[in-house]
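For reference, the structure discussed in these notes is given below.
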Amino acid sequence: MLQVTAMRASTANAAPTPPDFVGLVHDFDTAAPVDAETARAIDDAMTHYGVLVFRAQSLTPQQQLDFASALGPLDVGFKRVAKPHNRLGHDTLADISNLDESGAIVGREHRRIVGNIANQLWHSDSSFQRPSARYSMLYAVVVPPAGGQTEFADMRAAFEALPADQQAWLRELKAEHDALHSRFLLGDTEYDAAQRAAIAPTVWPLVRQHPGGRSSLFIGAHASRILGMTIAEGRMLLLDLLEHATQPAFVYRHTWQPGDLVMWDNRCTLHRGRRFDFSQRRELRRATTLDA
Ligand code: OGA
Ligand code: MN
């Protein structure tokens, strides 16, 4: 059986973590085959928590993909727009690093760096497509000496903290999500017509029901407008909601150690990477399942 304890106050955190938001999984080897019962136990834990942390793992790219595949079909995500390289040899494994094909650190003006900076905006992986992402599993290989943490925000707790009349109003609204919106926000516009057309925008309710029964805000950097509002009014609402939902009370900051595997539920969390010195090596790998 899966042994999970709640992670509460982390010294790296600005505030105590919500009690049902981050679970630390004990004595678990993600490189071992996952049977149906174990997959169910992980699903159950993920329904309770939004984030699970597995420490001291040792995973090849194939083992990481096998672990993810046991939990659902694999997502390709943004690689359908821009495919800078395939150092890891799998379309479904995202190279979350500042390295080139040969494994050397790239310069700060490299397309790889510029594009990946969008990961530093709060977002839900692949919210720009349907189905969107269910679980992301990010595995740390090399981490920089400072910075480069990943933060997670609890969109169920954030929704539940809103006044009832606002909750009712938000439930009626829908947002359009667009794969390139976060890049454009950062002035990263070097995408040709085919790349711009690669993923058509998709519409999601602003409030989604999680399978565990709780409601969740579904926002983040891919959300580009609210249906039925002007661009300005919709974006202002999205910014206000994001400000509310990413208060320290709803946020867990993960300080990486090599061998950490952190898994989150994109349906009820947002995440963002934090800045680090791009001349330092940072090498992580992400496998993602589709919410299908
Ligand atoms: C991701 C992501 C943030 C980080 O892998 O999906 O957003 O800290 N990563 O690298
Ligand atoms: Mn991400």
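The values are calculated or read from the model by the stated rules, or taken from the named source; none is laboratory data. Small disclaimer: the values here were computed from a predicted structure and weren't measured. Don't worry about glycine lacking a Cβ; one is built from the backbone with ideal geometry, like all the others, and counts go over all protein chains shown. Keep in mind that these areas ignore ligands, DNA and RNA; they rest on the heavy atoms of the full protein, side chains included. Shrake-Rupley method; radii C 1.70, N 1.55, O 1.52, S 1.80 Å.
Taken as a whole, the structure leaves Q166 outside the set of residues that are within 16 Å of ligand 1 (Cβ to nearest atom), open to solvent by 10 Å² or more (accessible area, probe 1.4 Å) and more than 26 Å from Q257 (Cβ to Cβ). E172 falls short on exactly one of the conditions (1) within 15 Å of ligand 1 (Cβ to nearest atom); (2) out of contact with any Ser or Thr (no Cβ under 9 Å at 6 or more places or on another chain), and that condition is (1). Scan region 267-292 for residues that are assigned to a strand (DSSP E or B) and either open to solvent by less than 20 Å² (accessible area, probe 1.4 Å) or modelled with pLDDT under 95 (or both) and the total you get is 9. Could you please let me know if T17 is in contact with a Lys or Arg (Cβ under 8 Å, 6 or more places away or on another chain), part of a loop (DSSP other than H, G, I, E, B) and open to solvent by less than 70 Å² (accessible area, probe 1.4 Å)? It is true that T17 is in contact with a Lys or Arg (Cβ under 8 Å, 6 or more places away or on another chain), part of a loop (DSSP other than H, G, I, E, B) and open to solvent by less than 70 Å² (accessible area, probe 1.4 Å).
Taking R55, is it of a type in the set (K, R), closer than 29 Å to A249 by Cα and more than 17 Å from the chain's Cα centre (by Cα)? The answer is yes for R55. Candidates in region 169-187 are the residues that are of a type in the set (D, E, K, R) and assigned to a helix (DSSP H, G or I); of these, the one that is surrounded by the fewest Cβ atoms within 10 Å (Cβ to Cβ) is R171. Among residues that are over 14 Å from the mean Cα position of the chain (by Cα), closer than 30 Å to A6 by Cβ and surrounded by fewer than 15 Cβ atoms within 10 Å (Cβ to Cβ), A140 is not included.
Where strands (runs of 3 or more DSSP E) sit wholly within region 213-266, those with at least 1 residues that are among the small types (G, A, S), under 14 Å from E176 (Cα atoms) and in contact (Cβ under 8 Å) with a residue 60 or more places away in the chain occupy 223-226.
Looking across region 116-142, the residues that are under 21 Å from H222 (Cβ atoms) and away from ligand 1 (no atom under 12 Å from the Cβ) come down to F128, Q129, R130, P131, S132, R134. When region 268-288 is filtered for residues that are in contact with a Pro (Cβ under 8 Å, 6 or more places away or on another chain) and more than 10 Å from ligand 1 (Cβ to nearest atom), the ones remaining, listed by number, are D277, Q280, R281.
Scanning region 107-130 for residues that are in a loop (DSSP other than H, G, I, E, B) and open to solvent by 50 Å² or more (accessible area, probe 1.4 Å) turns up R108, E109, H110, R130. Under the condition of being at pLDDT below 95 and of a type in the set (F, W, Y), the residues counted in region 200-249 number 0. For A140, the requirement of being part of a strand (DSSP E or B) and touching a residue at least 24 places away in the same chain (Cβ under 8 Å) is met. When region 262-289 is filtered for residues that are among the hydrophobic types (A, V, I, L, M, F, W, C), more than 12 Å from ligand 2 (Cβ to nearest atom) and out of contact with any Leu (no Cβ under 7 Å at 6 or more places or on another chain), the ones remaining, listed by number, are C268, F276, F278.
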